[in-house]
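Every number here is computed from the coordinates shown, using simple stated rules; none is lab data. Just so you know, these numbers come straight off a predicted model, no measurement behind them. As a convention, Cβ positions derive from the backbone with ideal geometry for all residues, glycine included, and neighbour counts pool all protein chains shown.
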């Protein structure tokens, strides 16, 4: 089972790296998932991820305090607002309100998380 967790952790890191280069692509959630999976499959990989200067602090802030860095909150809310606006413009009839509802729910949850200091 350790090999499965390690493989899934590696795939999650790969998805996070792809997210760096894609507009509005999520990175930190995939790194959070990778840290979780590596903790179960390969603690040495988990330690390397936690020691990484870019990804380590947000992961530790989330694990210790459930906190999200302010820049992450701002980017997430902007992305959600953009998605809701595009959905409202491009979708038909009652479907146009679905992205707005998701954005409001997710945005409210994100904004109610503590703000990470120094992450």
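Observations
- Among residues of segment 5-57, those that are farther than 24 Å from residue 83 by Cα and touching a helix residue (DSSP H, G or I) at 6+ places or on another chain (Cβ under 7 Å), counted: 19
- If you check 4, 17 for being over 16 Å from residue 110 (Cα atoms), under 13 Å from the mean Cα position of the chain (by Cα) and surrounded by fewer than 16 Cβ atoms within 10 Å (Cβ to Cβ), only one passes: 17.
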